[in-house]
Each structure stands twice: as C-alpha cells, then as structure tokens.
1. Name the strands (runs of 3 or more DSSP E) wholly within region 105-181 that hold at least 2 residues that are touching a helix residue (DSSP H, G or I) at 6+ places or on another chain (Cβ under 6 Å)?
2. Of all residues being surrounded by fewer than 23 Cβ atoms within 10 Å (Cβ to Cβ) and modelled with pLDDT under 95 in region 131-157, which is nearest to the chain's Cα centre (by Cα)? Just the residue, please.
3. Taking region 60-71, which residues are within 14 Å of the chain's Cα centre (by Cα) and either without any contact (Cβ under 8 Å) to a residue 12 or more places away in the chain or farther than 16 Å from residue 269 by Cβ (or both)?
4. Which of (1) within 22 Å of residue 276 (Cα to Cα); (2) touching a helix residue (DSSP H, G or I) at 6+ places or on another chain (Cβ under 9 Å) does residue 64 not meet, given it meets every other one?
5. Counting only residues that are surrounded by 17 or more Cβ atoms within 10 Å (Cβ to Cβ) and under 22 Å from the mean Cα position of the chain (by Cα), give me the helices (runs of 4 or more DSSP H) lying completely in region 234-348 with at least 3 of them.
6. State all residues of region 94-111 that are more than 30 Å from residue 191 (Cβ to Cβ) and surrounded by fewer than 23 Cβ atoms within 10 Å (Cβ to Cβ); if no residue qualifies, say none.
7. Would you mention how many residues in region 202-224 are at pLDDT below 90 and either over 23 Å from residue 114 (Cβ atoms) or outside any helix (DSSP H, G or I) (or both)?
8. Which ones in region 74-93 are touching a strand residue (DSSP E or B) at 6+ places or on another chain (Cβ under 8 Å) and surrounded by 15 or more Cβ atoms within 10 Å (Cβ to Cβ)?
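The values are calculated or read from the model by the stated rules, or taken from the named source; none is laboratory data. For clarity, every value in this text was computed on a predicted model and none was experimentally measured. When we count neighbours, we look across all protein chains shown, and the Cβ atoms used for this are built from the backbone with ideal geometry, even at glycine.
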C-alpha cells in the first residue's frame, strides 16, 4: 500500500472515529439535557410550613409511597413575600397563598386563579399567659403581629373590631413571618400574634401562650389560604392542575378521616417537609380535633364575596375584580365524590 493511500485511509478512519465520538457525546448531552428538561418541567407548587398548606406535603408524600414518585414538586418558603415573588417570576405555576393576596394580585393584573382552598378555620390569636388581655376589646392600644397586610388574619381582626365598635387603627399592626411570631411573643416584643398554625400552638405547647380566640369562634368556616394557579397552567396544563386539585382533596379527606391519619401526617410532614418537632403538629391537629378542618374545601362564591367586602372596607382591596375574575371552581369536585387516599402507613 502506497504512503499516499495509507495517509488517506488513516484520515478516513480518524474522521470516522471523531464522528462517532461526536455523535456519542451529543447523544449523551441530549440524554442529560432531556433529563434536566424533564426535571425543569415538573409542576412546582409553593408552600410555607403552616397547617393551611399541609395537604401539599401530604399529597406529595402519599403519592411517593403509593406510586413511587409524584408528578409535582413542593417548594418550601419561609414567608409570603418570597413565595409571592417566586410565583410572579413564573418559577412555579401553582402555590398556596393568602386568599386576599391572591385577589389583590388579580386586581393588579396578575393572571392568577383560585382553584381550591387550603383548609377551614385553623387560626388563633395568642397572647402571653401573663398578659392582662382577656377580651378582644383589651387589644386596644396594643401591638399585634399579623403575617401580611393581605392576610385573612388581619381581616378577621378588622371584622371582630367592627362588630365591637372598634377600628383597626385602635391597634398597632406589624407584619411578621409566622415562624418568627412565637419568639416575639415569648420576649414580649408584641402583645399578641395571629397566623396559621402550628406557630400559635407552639406558644401554647411551650407554656407561655394563651388563646385569646380561635377563628371558628369569630368567623365560622374561616378561609386563610387557597390553592392558586397561573392562568397559563389552566390553559396549557389543565390535566396537571386537575390531578393536583384531586390529590389535595383526597389528602384533606384522608386527614379528616381519623385521628391516626393526622398523627401519622404530623410525623412525616414535620420531619421531612417542615423541619419542625412532630409534637407541635400533633398538638395542633388534635387539640381540639376541629381546630383545623381539611374537608368542604370548594371555593364558594358566597365565602369570597364576604372576603371581598371586608377587603374593600379595610382598604386592602379596591373592589375592581370579583369571583369570576380570580376563581375557577371547575376543578373542585363535590365533596361527596371525593375519595380519601387508600394508605394506612405501610409502604408500597
């Protein structure tokens, strides 16, 4: 074989080898990028570690036990400001969020739709056990911590004051992330705190907090948080939204089915999602059992019209949008047709 043919053959072989390696590398990158794209495409749902968001981690955990995986990814936040910003930035298509905040965002042009509720009741106002505050009227002139200007806890206080001939300006309201509230009450930096559980129960369990009122005593069937999605998710991922709502509904029914389920959830949610002592969630989910309710969570127009009215009266809403603008109840099934998860704690 001549030198020229040898060089030509070698060049062809090198070219073939480089081509094969190039194709293999590209294929490998496609595999990796495909996996990353699949990971990125997972349906993210925002939540913070409070009981009104409990059905989010419960649904995730049970789906993994039964099916070995879950189609959505719960994303934890410590407070509502960062959760709101993540939703606005399209980092996640769905989130648990304060009901009045979702309504206010819709007024601001954000394409948000409420599709389900977080829970009913489940909020308390706590004062220090040594406090001389024994009635709502005793709050006049005191400092009260609420989660957010748009929280229903603030609206509840507005409602309670109005019924007693008081004004919201009769107290000094400060906004505070719920996880920080127990320490503030313990240090007597504030006179009263109110947010979703379990942070109110923590003060009671640790011996320095005393219940001034439970929401069920002031506003029966109180709604704190809701499950909301971006309208683009309804348009482009309707099946995923429906699966999410169905899973949340089944989790709610499972939680309210019996106390064993609540105590089981308190254990795995506290350890794997909330980073809390399980005894805290166990306490607020059981004492009393109806402190927090996870059934009858359909978004009903009459409930939101009351929130609208109080929101306008208190100055946090403008009254520019109404139920049909910020809610889509079409995903919520009749309570009688909702089936609880068939899981009793054993792994698949």
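1. Filter on region 105-181 gives 112-117, 123-128, 143-146.
2. 148
3. Correct list: empty.
4. (2)
5. Counting at least 3 such residues, we get 238-257, 259-269, 278-284, 301-314.
6. Answer for region 94-111, where residues must be more than 30 Å from residue 191 (Cβ to Cβ) and surrounded by fewer than 23 Cβ atoms within 10 Å (Cβ to Cβ): 105, 106, 107, 108, 109, 110, 111.
7. So the answer is 8.
8. Step one: list which residues in region 74-93 are touching a strand residue (DSSP E or B) at 6+ places or on another chain (Cβ under 8 Å), which gives 74-77, 80, 83-84, 86-87, 90-93.
74, 75, 76, 77, 80, 83, 84, 86, 87, 92, 93, listed by residue number.
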